[in-house]
Structure formats: structure tokens, C-alpha cells
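Scroll down for the structure; my scribbles are underneath it.
The values are calculated or read from the model by the stated rules, or taken from the named source; none is laboratory data. These numbers come from a predicted model, not from an experiment. FYI the Cβ positions are ideal-geometry reconstructions off the backbone, even for glycines, and counts take in every protein chain you see. For accessibility, only protein heavy atoms count, side chains too; no ligands or nucleic acids. Shrake-Rupley method; radii C 1.70, N 1.55, O 1.52, S 1.80 Å.
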Amino acid sequence: MASNYSLAILAFLFCLVSPSLSALVQEQPLVLKYHNGILLKGNITVNLIWYGKFTPIQRSVIVDFINSLNSKRAPLPSTSSWWKTTEMYRGGSSSLIVGHQILHEELTLGKILKNQHLIALASKTHFSVDSINVVLTAKDVAVDGFCMSRCGTHGSTKSGSGRGTYIWVGNSDLQCPGQCAWPFHQPLYGPQTPPLVAPNGDVGVDGMIINLATLLANTVTNPFNSGYFQGPPTAPLEAVSACTGIFGSGSYPGNPGRVLVDKVTGASYNAYGVNGRKYMLPAMWDPKSSACKTLV
């Protein structure tokens, strides 16, 4: 069963237009209840299925991001310090390791994909409870619901090799950067403030990082719709989707908050990664404070 963070995105976009609704939303207590289910803890293999054409640089930005989640080599504020918040969800740490990478450039399923195609692609490598299969679609590939109601999804399925989890994230560069790559592109709705400069020089891929970060955290803390979430299991607010649109302190609808700026390139970021990478990562709900926590 798949879990999108589309409702959170739509609510966030609606708040850009309706400040009064934003004020009402902020008054609601944010508590992600634990529903006594399995969480993904320990060593977790992340398998990547690249559907469509990605350049080697684009692939390296995403692989470096995943490798950064458990690396202690980057200075603070680091990608790994962001990921460390997941340890506060019962059961200890979740250490992500890049496993198989499958390049599927020939687009044998076409350029318009439905949910069953995403599961078929995720099945290119075996499912297990200690792995996450991630499908990444290129900028010229359309996916059912992409841009209209979602920027990505995570879910679980059973196969002959067992039960496992999967994620899909699309490159929105040509399709809807104002929705799925904000704040690196002007939003579709609300205040038209100037977009921030993408830290890796690629609006589509830097947007993918935000959505992949969201879905990885949501997956390890709510892999089978029985972990941490608020609301109905079919449309839950999860670890990061509960904090949509928040990147730095002082954020409000339409403003990502105070973040760091590279003095040379002018790029905005809030986390350092491996190999000199910089990333923009969304806030994550902190079980200790029951609040959305940012790195800066």
C-alpha cells in the first residue's frame, strides 16, 4: 500500500494563499502517534533503479546524499545530524547503505507510468524487510498523479522474495518545479518571492533530494502504515511530511526560513554532505520536543 505526502503539499500550497488557515493549522498540536508496528532499524540497503536518462553527475549527487546520511566526515550542520533524528523514533538507528544500482535508460515501460509500473520497476531487485528499493524517474517521464497531487510516494508490497518497501521520486525540472522543486523555483501559488539558488546547480535534482529525504525518513519511521504518523493511515502526516515547507528557523508559508548561503555561488543550503556536497533538507518531526526540527 502506497503512502503519498500529497495532502501535506496541497495543504501547504493552500496556506500560501490563506494565511488565516495557516494560523489555524499552527495552533493544532503536532503529535505523531506510534501505532506499534515494525520500524526499519539497523543496516538498511537502499537499491536504486534509474528509469530514463540521468547524467553521471546527477546520479552522483543522489548517491552522495544517501552516503552522507550515516557519514561522520562532513562538518556541521551535516546531513547525518539531520538523519540522526530518526534514532529518536523507537528502536535505535537506521544505517542506510547504497546497494544495487540498475540503469533502465531504454524506457521499456514507456514515458507515462502508473502505480503498477512503479512497483514493477521496484521489483527489478528483490524485496526484503532490510532494504528500500528506490525508483527515480527522469525529467521527461510522467507518472500518474505527478505534479497534480504528489511529488513522490512510498509504500510496501509482498513478492516471492518477501515483504519490502519502495519509494518513487520524479525529476520535476520540466513538469512542475514550482511544486516539487520549491524553494529552488517560484511556487505555483502564493507569494512569488525569488527562488533560492540550488546547491548542486540542478533545480530538478536538488528538488529530488528534498523529496527523497522526506520519503526515506517517512519510510524508516512508518514502513508498513503501522509506525509513526498522525491522521488516517491512507493519508498520514509522517516524520517529514508533517513539516512540509520548513527548511530553516523563522519559516512561514511561502518562506523557507533562514538558511545558509554559499558566498561564492550564492547557493542556499542547510546541510553539508560527503565529497564537498551541500544539500537543502526539510525539517523533521522530533519525538522529544513534538515539534518540527531544522538544522539551522
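With only alpha-carbon atoms counted, please give the Rg and Dmax of the range 147-267, in Å.
Reported Rg and Dmax, both Å: 15.8, 52.
By its C-alpha gyration tensor, with a ≥ b ≥ c as the square roots of the eigenvalues, how is the chain shaped: rounded for a/c under 1.5, else prolate for a/b larger than b/c, else oblate?
Since a/c stays below 1.5, the shape of the chain is classed as rounded.
Given the -39500 (n - 2.57) contribution per DSSP H run of 4+ residues, what per-residue ellipticity at 222 nm results for the chain, rounded to the nearest 500 deg cm²/dmol?
Computed mean residue ellipticity for the chain: -7000 deg cm²/dmol.
Using the Cα centre of the chain as the reference point, and only Cβ charges (+1 on K/R, -1 on D/E), how large is the resulting charge dipole? Debye, rounded to the nearest 20.
So the dipole magnitude of the chain works out to roughly 480 debye.
Taking R0 as 41 Å, what's the FRET efficiency between residue 163 and residue 252 from their Cβ-Cβ distance, rounded to 0.05?
0.50
Under the Kirkwood approximation for Rh and a Cα-based Rg, what ratio Rg/Rh is obtained for the range 217-296?
Looking at the range 217-296, the ratio lands at 1.04.
Based on the Cβ-Cβ distance of residue 33 and residue 114, what FRET efficiency does E = 1/(1 + (r/R0)^6) give at R0 = 35 Å, to the nearest 0.05?
Once rounded, the FRET efficiency stands at 0.65.
Could you report the chain's accessible area per residue, 1.4 Å probe, as an integer in Å²?
On a per-residue basis, 42 Å².
Springs between alpha-carbon pairs under 10 angstrom, Gaussian network model over the chain: which of 198, 239, 142 fluctuates most?
In this elastic network of the chain, the residue with the biggest mean-square fluctuation among 198, 239, 142 is 142.
Run the accessible area of the chain with a 1.4 Å probe and give the carbon-and-sulfur part as a rounded percent.
Carbon and sulfur together cover 57 percent of it.
Between residue 189 and residue 289, how many nm apart are label points set 7 Å from Cα along the C-beta direction?
So the label points at residue 189 and residue 289 sit 2.9 nm apart.
Can you give me the long-range amide H partners of residue 48? Hydrogens built in the peptide plane at 1.01 Å from N, cutoff under 5 Å, separation of 5 or more residues or another chain.
For residue 48, the qualifying residues are 99, 100, 101, 102, 134.
Under 20 Å from the 7 Å Cα→Cβ point of residue 230, by amide nitrogen: which residues of the range 279-294?
The answer is 282-294.
Can you list which of the DSSP-assigned H helices in the chain have a Cα extent of 27 Å or more along the long axis and an average Kyte-Doolittle score of at least 0.0?
Both cut-offs are met by 203-221.
How far apart, in nm, are the 7 Å Cα→Cβ label points at residue 72 and residue 126?
It works out to 3.2 nm between the two label points.
Can you tell me how much longer the chain between residue 53 and residue 262 gets when fully stretched, taken as 0.36 nm per residue apart minus their C-alpha distance, in nm with one decimal?
Computed gain between residue 53 and residue 262 is 72.3 nm.
If each residue of separation counts as 0.36 nm, what is the full-extension length gain between residue 45 and residue 275 once their alpha-carbon separation is subtracted?
80.7 nm
Just to be sure I follow the definition: excluding the sites themselves, where is the longest run in the chain that has none of the GluC sites (Glu not before Pro) in a DSSP loop with at most 12 other Cβ atoms within 10 Å?
For GluC sites (Glu not before Pro) (loop position, at most 12 other Cβ atoms within 10 Å), the longest site-free span of the chain is 107-296.
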